[in-house]
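Chemist: Okay, handing you the structure first.
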Amino acid sequence: MAKITFLTSDNETIITEATTGNVMELAVQNKVKGIDGDCGGVCSCATCHVHVEPASWDKVGAPSQLESDMLEFDDNVSEFSRLCCQIDVSDAIDGIVLNVAK
Amino acid sequence: MNKSNFQDPFEKERIEKGFGKMNDQGEEVTMVLGHKDVRRCAHNAKTYQSGAAPGRIVIPSEENIRDIRQIPFEVDPPLHADYRAVLDPWFKRPLEEEYTTKLKNQIQSLVKEVLKRESLDIVSEFALPLQSRALTLLLNTPYSQAETWISWGTHVFRSEGTALDADKANILYDYIDKEIERASAAPTDDLYSVLLASEANGKKLTKKEVKGVIILTFAGGRDTVINAVTNSISYFSEHPESLERLRNEPEILNNTIEELIRYFSPLTQMGRITTEASNVCEHSLKADSKISLCWASANRDANVFENANEIVIDRKINPHVAFGFGTHNCLGATHARQILKILISTLLEEVKSIDIIDYKENIEDLGHFKRKVGFDSLHVKFNY
């Protein structure tokens, strides 16, 4: 079981728990504002953009090349940007905090 | 077994040069072919604008048959953002349960209706009614309106043999004018009424702006949805093993939908106009030149997609640009995805296999590029 915290641009804190799936699906199930996941998780829409809290970055890790290429054209990209459909839920990411991009 | 094979006509020039050329009614179009270049140009709205003369960025150009600006499609940032903010919540309604239930009922009853037929043409007797009926949900207008739209035929703007047909376009424009007047006189909860009561960029939408949104909704989602539906059925008719796999692994359905959309790319390309001199793939362009973002070519780019010319129904990472990319990504994508999701789910439940009896391919003539985009007709028999 992994605990994942989302902080939205409205300063809402949503704490979720899951064991399987990806983080985008978890956010959509919990109606996290700002995470749409239009493409269902195949990395083609960039509507699940999050900024990982620096303290959580080592747990989450860097994006793949194809994900980086997608983020390259996002205006709000930061060095801690990820598309959360590409982050699998597992014990390894327990406790991470994600800021939902505007 | 090759009716559902759609060749990539752009491969050679994409690899060798990165761009191609075609002529659109006298205007030269530089077609951007590589995935990265397409996304780069789509992202750069300052240099490659959408807000040129109405109709000019469409290929074939509609400049001669349309003077109404399609909104938000032919508007650039920053004005674009506010129009889009008004429209986005409405066009996300397909995610709501009530909408999905209605769409499911529509598609299930259509499938059940055609199952019993000895054979039928998928384009005119299945995809067109499916698209038209589903559009009543998107506009939130009475179901009976679909009959009118079906009677217009598969192309709103095109007739047999001519690229553009002003008479046909006028049928649509006159119809929309009447609907706007009706909604203005007696508002309901349909899209016309909602738009007439909306504000963007600090002022109420004018009737002309409302018309621009509605034309986009009709035109953007017609051929594209019809082709997506028809082409997907051609694929499943030739790949019953994929139907079987989806029955056993329903969790890959979303991957399959995105993959079908990538492979078939129902909208081949969309234009932009340069606001200044620029370079595409080391090819220099003057200001006021037309480029095209060739989504269909980008979606076969082997630098991004392994086995790009195959349909891999469980493709995991699929950064396709079939719904466009960036600011102007397809407003109707949520609706289109729901249609495919419900259609395929229904086929999985109701249909054992599909036999193609006869077909006629629809080949787009893009200068020396010839691209199969769909079918003019696809006669099939459903086995159940």
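The values are calculated or read from the model by the stated rules, or taken from the named source; none is laboratory data. All values derive from a computational prediction rather than experimental measurement. Cβ sites come from the backbone with ideal geometry, for glycine too, and all protein chains shown count toward neighbours. Accessible surface areas use protein heavy atoms only, side chains included; no ligands, DNA or RNA. Shrake-Rupley method; radii C 1.70, N 1.55, O 1.52, S 1.80 Å.
Chemist: For region A:80-96, does any single residue satisfy the condition of being outside any strand (DSSP E or B), open to solvent by 70 Å² or more (accessible area, probe 1.4 Å) and of a type outside the set (D, E, K, R)? Steps first, please.
Modeler: Residues of region A:80-96 outside any strand (DSSP E or B): A:80, A:84-87, A:89-95.
With the extra rule that they be open to solvent by 70 Å² or more (accessible area, probe 1.4 Å), the set shrinks to A:91.
Retained after the next criterion (residues that are of a type outside the set (D, E, K, R)): none.
No, region A:80-96 has no match at all.
Chemist: Additional query: Quick one: A:Ile15 ticks every box in (1) open to solvent by 60 Å² or more (accessible area, probe 1.4 Å); (2) out of contact with any Phe, Trp or Tyr (no Cβ under 9 Å at 6 or more places or on another chain); (3) more than 14 Å from every other protein chain (Cβ to nearest Cβ) bar one, so which box is it?
Modeler: (2)
Chemist: Look through B:Glu251, B:Glu199 and report the one residue that is touching a helix residue (DSSP H, G or I) at 6+ places or on another chain (Cβ under 9 Å), among the acidic types (Asp, Glu) and either free of Cβ contacts under 8 Å to residues at least 40 places away in the same chain or open to solvent by 20 Å² or more (accessible area, probe 1.4 Å) (or both). Talk me through it step by step, then tell me what you get.
Modeler: On the way: B:Glu251 fails: touching a helix residue (DSSP H, G or I) at 6+ places or on another chain (Cβ under 9 Å).
After applying the criteria, what remains is B:Glu199.
Chemist: Consider B:His239 against the criteria (1) crowded, with 23+ Cβ neighbours inside 10 Å; (2) more than 14 Å from chain A (Cβ to nearest Cβ): it satisfies all of them except one. Which criterion is unmet?
Modeler: Going through the list (1) crowded, with 23+ Cβ neighbours inside 10 Å; (2) more than 14 Å from chain A (Cβ to nearest Cβ), B:His239 breaks only (1).
Chemist: Restricting to region B:285-310, and then to whatever is among the aliphatic types (A, V, I, L, M) and within 14 Å of chain A (Cβ to nearest Cβ), can you tell me which residue is surrounded by the fewest Cβ atoms within 10 Å (Cβ to Cβ)? Break it down stepwise before answering.
Modeler: Narrowing region B:285-310 to residues among the aliphatic types (A, V, I, L, M): B:285, B:287, B:291, B:293, B:296, B:298, B:302, B:304, B:308.
Keeping just the survivors that are within 14 Å of chain A (Cβ to nearest Cβ) gives B:293, B:298, B:302, B:304, B:308.
Numbers: B:Leu293: 27, B:Ala298: 29, B:Ala302: 14, B:Val304: 21, B:Ala308: 17.
Here the residue is B:Ala302.
Chemist: Of the numbered conditions (1) small (Gly, Ala, Ser); (2) under 30 Å from B:Asn383 (Cβ atoms); (3) buried (at least 18 other Cβ atoms within 10 Å of the Cβ), B:Ala169 satisfies every one except a single condition; which is it?
Modeler: Of the numbered conditions (1) small (Gly, Ala, Ser); (2) under 30 Å from B:Asn383 (Cβ atoms); (3) buried (at least 18 other Cβ atoms within 10 Å of the Cβ), the odd one out for B:Ala169 is (2).
Chemist: Let me ask something else. In region B:328-347, what residues are among the hydrophobic types (A, V, I, L, M, F, W, C) and either facing chain A (nearest Cβ under 10 Å) or open to solvent by 30 Å² or more (accessible area, probe 1.4 Å) (or both)? Walk me through how you get there before you give the answer.
Modeler: Just the residues of region B:328-347 that are among the hydrophobic types (A, V, I, L, M, F, W, C), to begin with: B:330-331, B:333, B:336, B:339-340, B:342-344, B:347.
If the condition is that a residue be among the hydrophobic types (A, V, I, L, M, F, W, C) and either facing chain A (nearest Cβ under 10 Å) or open to solvent by 30 Å² or more (accessible area, probe 1.4 Å) (or both), then B:Cys330, B:Ala333 are the ones that fit.
Chemist: Could you list, ordered by first residue, the pairs with Cβ atoms under 8 Å in which the first is in region A:5-17 and over 10 Å from A:Lys31 (Cβ atoms) and free of Cβ contacts under 8 Å to residues at least 12 places away in the same chain and the second is open to solvent by less than 90 Å² (accessible area, probe 1.4 Å) and part of a strand (DSSP E or B), at least 6 apart or interchain?
Modeler: A:Thr13/A:Thr5; A:Thr13/A:Phe6; A:Thr13/A:Leu7
Chemist: Here's another thing I want to ask about it. Identify, please: which residue in region B:262-284 is open to solvent by less than 10 Å² (accessible area, probe 1.4 Å) and among the β-branched types (Val, Ile, Thr) and is, among those, nearest to the other protein chains (Cβ to nearest Cβ)?
Modeler: Across region B:262-284, the extreme among qualifying residues is B:Val280.
Chemist: Something else about it: Mind listing just one residue for me: the one in region A:30-66 that is hydrophobic (A, V, I, L, M, F, W, C), more than 14 Å from the chain's Cα centre (by Cα) and within 14 Å of chain B (Cβ to nearest Cβ) and, of those, least open to solvent (accessible area, probe 1.4 Å)?
Modeler: A:Cys39
Chemist: Hey, among the residues in region B:183-193 that are of a type outside the set (A, V, I, L, M, F, W, C) and not in a helix (DSSP H, G or I), which one's least open to solvent (accessible area, probe 1.4 Å)?
Modeler: Filtering region B:183-193 for residues of a type outside the set (A, V, I, L, M, F, W, C) gives B:184, B:187-190, B:192-193.
In the following step, the residues that additionally are not in a helix (DSSP H, G or I) were identified as B:187-190.
Details: B:Pro187: 94, B:Thr188: 74, B:Asp189: 101, B:Asp190: 4 Å².
Out of the qualifying residues, it is B:Asp190.
Chemist: Wholly within region B:1-98, which helices (runs of 4 or more DSSP H) include no fewer than the required count, namely at least 2 residues that are within 22 Å of the chain's Cα centre (by Cα) and buried (at least 16 other Cβ atoms within 10 Å of the Cβ)?
Modeler: On the way: elements: B:11-16, B:35-43, B:79-91.
Per the criteria, B:35-43, B:79-91.
Chemist: Conditions: (1) within 11 Å of chain A (Cβ to nearest Cβ); (2) farther than 19 Å from B:Lys46 by Cα; (3) under 16 Å from the mean Cα position of the chain (by Cα). B:Phe325 meets all but one. Number of the miss?
Modeler: Evaluating B:Phe325 over (1) within 11 Å of chain A (Cβ to nearest Cβ); (2) farther than 19 Å from B:Lys46 by Cα; (3) under 16 Å from the mean Cα position of the chain (by Cα) leaves (2) as the failure.
Chemist: Going residue by residue through region A:67-76, is there one that turns out to be assigned to a loop (DSSP other than H, G, I, E, B) and within 13 Å of the chain's Cα centre (by Cα)? Give the derivation first.
Modeler: Within region A:67-76, the subset assigned to a loop (DSSP other than H, G, I, E, B) is A:73-76.
Right, trim to within 13 Å of the chain's Cα centre (by Cα) and you get none.
No, every residue in region A:67-76 fails to be assigned to a loop (DSSP other than H, G, I, E, B) and within 13 Å of the chain's Cα centre (by Cα).
Chemist: Right, next: Just need a number here: residues in region A:64-102 that are in contact with a His (Cβ under 6 Å, 6 or more places away or on another chain) and touching a residue at least 60 places away in the same chain (Cβ under 8 Å).
Modeler: Summing the residues that are in contact with a His (Cβ under 6 Å, 6 or more places away or on another chain) and touching a residue at least 60 places away in the same chain (Cβ under 8 Å) in region A:64-102 gives 2.
Chemist: Can you find a residue that is farther than 30 Å from B:Ala85 by Cβ and either touching a His at 6+ places or on another chain (Cβ under 8 Å) or surrounded by 22 or more Cβ atoms within 10 Å (Cβ to Cβ) (or both) anywhere in region B:360-368? Break it down into steps so the answer makes sense when it comes.
Modeler: First, the residues of region B:360-368 that are farther than 30 Å from B:Ala85 by Cβ: B:360-368.
Remaining after also requiring either touching a His at 6+ places or on another chain (Cβ under 8 Å) or surrounded by 22 or more Cβ atoms within 10 Å (Cβ to Cβ) (or both): B:366.
Within region B:360-368 (the criterion being farther than 30 Å from B:Ala85 by Cβ and either touching a His at 6+ places or on another chain (Cβ under 8 Å) or surrounded by 22 or more Cβ atoms within 10 Å (Cβ to Cβ) (or both)), the answer is yes, since at least one residue qualifies.
Chemist: Here are the criteria: (1) open to solvent by 40 Å² or more (accessible area, probe 1.4 Å); (2) within 22 Å of B:Asn329 (Cα to Cα); (3) not in a helix (DSSP H, G or I). Tell me which single one A:Asp10 does not satisfy.
Modeler: A:Asp10 satisfies all of (1) open to solvent by 40 Å² or more (accessible area, probe 1.4 Å); (2) within 22 Å of B:Asn329 (Cα to Cα); (3) not in a helix (DSSP H, G or I) except (2).
Chemist: Looking at region B:202-236, which of the residues that are within 30 Å of B:Ala169 (Cβ to Cβ) and among the small types (Gly, Ala, Ser) is surrounded by the most Cβ atoms within 10 Å (Cβ to Cβ)? Outline the logic, then answer.
Modeler: To start, the set of residues in region B:202-236 that are within 30 Å of B:Ala169 (Cβ to Cβ) comprises B:203-234.
This time we only want the ones that are among the small types (Gly, Ala, Ser), so: B:212, B:219-221, B:228, B:232, B:234.
Details: B:Gly212: 25, B:Ala219: 20, B:Gly220: 18, B:Gly221: 23, B:Ala228: 27, B:Ser232: 24, B:Ser234: 24.
Going through the qualifying residues, I end up with B:Ala228.
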